[in-house]
């Protein structure tokens, strides 16, 4: 069984390697055709190649090229109505003679949409009809019976990825753009979520003047349910931070710390971050400095919020 599995993997790996040698000017034309598309990219196919087509459409959509999948059989029962002259169709058929797909050809010609054939047969009806032909032919399938598409569907999948990758470069698609289309994922949160979106503010953000007593600062911290308080000078600028850790260290010397002015026991020149930074940057800073809280300041150095490691945890960044 292991030998058979290795044989299948080797066959499919060789099919992918051979695919690179088949790339020609038609591939460049396909990328240009899709990049200039004023409508949508519509990927059509049947059976297992159709399933691969769904993945190709999903990859294109998530990387800045609006695309949908259209089942070839459903197309002639009404779904063809979603095709316009402004669209580009990627028609997938290993043989190039799949009945449900070839039936679409004269109809697509009448509509006027451009077509890209992804096929293993350059002499097929599909190849002859299409504006561009991408060759995904394979020497052999991984199937022991030589019947189930394996290497051919893998080659088709890789061709779709190659198109998507080139379109990312051609369109100047950025990580931030990718995050915009994936707001629910971890990547989206890392690239979109800003400090101001999750920082503590208002009643949940203790800000105390530096001439207050420690016991008063502790009350502000408790009321806000935080682990620290931002300490400000007379101009309202951040002058320090007083944390649970500061309290414990000074309590070791005696309870008289509670009556001291917080300015004398606070941590001066604390690490800060501005509200427009990414939350992921704040996490990196907390991790690097080995701290649990970080004051959020504006351009004038005045505290506008507080970010706790727990806030990042709740936001799903940890």
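Taking region 33-62 as the search range and keeping residues that are over 24 Å from the mean Cα position of the chain (by Cα) and in a helix (DSSP H, G or I), which one is surrounded by the fewest Cβ atoms within 10 Å (Cβ to Cβ)? Here the residue is 48. Residues in region 119-140 that are under 26 Å from residue 7 (Cα atoms) and either free of Cβ contacts under 8 Å to residues at least 40 places away in the same chain or not in a strand (DSSP E or B) (or both): 119, 120, 121, 136, 137, 138, 139, 140. For region 292-304, the set of residues classified as within 20 Å of residue 193 (Cβ to Cβ) and either in contact with a helix residue (DSSP H, G or I) (Cβ under 6 Å, 6 or more places away or on another chain) or crowded, with 18+ Cβ neighbours inside 10 Å (or both) consists of 292, 293, 294, 295, 296, 297, 304, listed by residue number. Please go through region 131-152 and pick out each residue that is closer than 20 Å to residue 100 by Cβ and modelled with pLDDT under 95. Those that are closer than 20 Å to residue 100 by Cβ and modelled with pLDDT under 95: 147, 148, 149, 152. Any residue in region 210-225 that is assigned by TED's automatic domain parsing to the domain that holds residue 308, closer than 16 Å to residue 307 by Cβ, at pLDDT 90 or above and touching a helix residue (DSSP H, G or I) at 6+ places or on another chain (Cβ under 7 Å)? No, there is no match, as no residue in region 210-225 is assigned by TED's automatic domain parsing to the domain that holds residue 308, closer than 16 Å to residue 307 by Cβ, at pLDDT 90 or above and touching a helix residue (DSSP H, G or I) at 6+ places or on another chain (Cβ under 7 Å).
The values are calculated or read from the model by the stated rules, or taken from the named source; none is laboratory data. None of the values given here were measured: they were computed from a predicted structure. As a convention, Cβ positions derive from the backbone with ideal geometry for all residues, glycine included, and neighbour counts pool all protein chains shown.
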